[in-house]
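Data block below; observations after.
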Amino acid sequence: MKISRILLISAASFASFATPAYAQSADEEWEGAYIGGSFGLGAQSNDRNENVQFDTNLDGAFDNNVNTLAGANAFSPGFCGGRATGNSAAGGCRGDKDGYDYNIRAGYDVQTGNIVYGFVLEGGKNESRDSVTAFSSTPAAYTFTREIDYAGQARARVGYAARGALFYATGGAAYAKIKNSFSTTNGANSFTDNGNSKSWGYSYGGGTEVKVARNFSLGLEYLYTNFVDDDYVVSVGRGTAAATNPFLLVNPQGTDMRRGDSDFDMHNIRLTAAFRF
């Protein structure tokens, strides 16, 4: 689902309860602690121009081509930003999955006149999934996939309160456990990966909350979040392949592979709810 469509649907949903909320509550106070949660959609933005990088001499620099014995690029069929549907580029790829996003949160606000500032801590899960596939001329497909196991954020926020509504900007640090996986249609070589990644990143955005009761608010929030996911490497070994296998020509120990885009970033549109003490 495109971001623009998500924005329109979310904005329409929020408008349906935000308009009567102003009439229901004249409470202008936002100071104090609160707990709550959010539910929405997360759309990752890694579909285009992704590739896979190779380290054929195992020097730690992923700047090599994997060539055949005749000197041709073994990955000349190219790459796609998704999961392969077969073992050749002609079969194409399935698009990446945009999924639900749900979190619990707690925070504290201080109010001075119409200005509100504070912090929010939250944690939860996002079901978005991001894949990239490399195709070799064998033919064979090599697919890297990542998704968030869980994530947490600590953000500051500052806003303006008026007529029972709070309009705010927010930003801060983010942390995630990213679940990486690898699959291939190559049955000759051996493949060893290094497991999951733990990643730090950042998040920023803004939103609106509206009082629907003295101690209860509903809101709409947008966040952009970026995690650096550059630790996941797949090592290709000999397996049952011959010594002339392209992965073994430069170094008989094999070749290391990783995805070319280390940024796992996404856009989140959320409906929020909070109970204030």
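For segment 92-111, the condition of being among the polar types (S, T, N, Q), assigned to a loop (DSSP other than H, G, I, E, B) and out of contact with any Ser or Thr (no Cβ under 8 Å at 6 or more places or on another chain) holds for none of the residues. Within segment 180-188, does at least one residue satisfy the condition of being open to solvent by 10 Å² or more (accessible area, probe 1.4 Å), of a type in the set (Val, Ile, Thr) and outside any strand (DSSP E or B)? Yes, because at least one residue in segment 180-188 is open to solvent by 10 Å² or more (accessible area, probe 1.4 Å), of a type in the set (Val, Ile, Thr) and outside any strand (DSSP E or B). Within segment 102-118, the residues that satisfy the criterion of being over 30 Å from PHE182 (Cα atoms) and under 20 Å from the mean Cα position of the chain (by Cα) are ILE104, ARG105. Looking across segment 135-158 at every residue that is charged (D, E, K, R) and over 22 Å from PHE216 (Cβ atoms), the one that is least open to solvent (accessible area, probe 1.4 Å) is identified as ARG146.
Annotation: ALA161 fulfils all but one of (1) open to solvent by 60 Å² or more (accessible area, probe 1.4 Å); (2) within 20 Å of ILE35 (Cβ to Cβ); the unmet one is (1).
Just one of the listed residues (LEU58, LEU41) is open to solvent by 60 Å² or more (accessible area, probe 1.4 Å) and either in contact (Cβ under 8 Å) with a residue 60 or more places away in the chain or part of a strand (DSSP E or B) (or both), namely LEU58. Taken over segment 61-87, residues that are open to solvent by 40 Å² or more (accessible area, probe 1.4 Å), of a type in the set (Gly, Ala, Ser) and more than 21 Å from SER235 (Cα to Cα) amount to 3. Counting only residues that are under 15 Å from GLY237 (Cα atoms) and either at pLDDT 95 or above or basic (Lys, Arg) (or both), which one in segment 189-214 is most open to solvent (accessible area, probe 1.4 Å)? Top of the filtered list is THR192.
Kindly indicate whether TYR232 is crowded, with 18+ Cβ neighbours inside 10 Å, under 21 Å from PHE62 (Cβ atoms), hydroxyl-bearing (Ser, Thr, Tyr) and touching a Gly at 6+ places or on another chain (Cβ under 9 Å). The answer is yes for TYR232.
Scanning segment 134-153 for residues that are without any contact (Cβ under 8 Å) to a residue 60 or more places away in the chain and over 20 Å from ALA174 (Cβ atoms) gives ALA140, ALA141. If the condition is being more than 15 Å from SER181 (Cα to Cα) and either of a type in the set (Val, Ile, Thr) or open to solvent by less than 20 Å² (accessible area, probe 1.4 Å) (or both), then segment 119-134 contributes VAL120, GLU122, ASN126. Of the residues screened, ARG258 is not one that is open to solvent by 50 Å² or more (accessible area, probe 1.4 Å) and more than 24 Å from the chain's Cα centre (by Cα).
Within the option set LEU249, LEU220, being touching a residue at least 40 places away in the same chain (Cβ under 8 Å), over 30 Å from PHE277 (Cβ atoms) and crowded, with 16+ Cβ neighbours inside 10 Å holds for one residue only, LEU249.
Candidates in segment 261-277 are the residues that are surrounded by fewer than 16 Cβ atoms within 10 Å (Cβ to Cβ) and modelled with pLDDT under 95; of these, the one that is farthest from the chain's Cα centre (by Cα) is PHE277.
The values are calculated or read from the model by the stated rules, or taken from the named source; none is laboratory data. Computed from a predicted structure; not experimentally measured. Every residue, glycine as well, gets a Cβ built from its backbone with ideal geometry; the counts of neighbours run over all protein chains shown. Please note that ligands, DNA and RNA were not included when accessible areas were found on the heavy atoms of the full protein model with its side chains. Shrake-Rupley method; radii C 1.70, N 1.55, O 1.52, S 1.80 Å.
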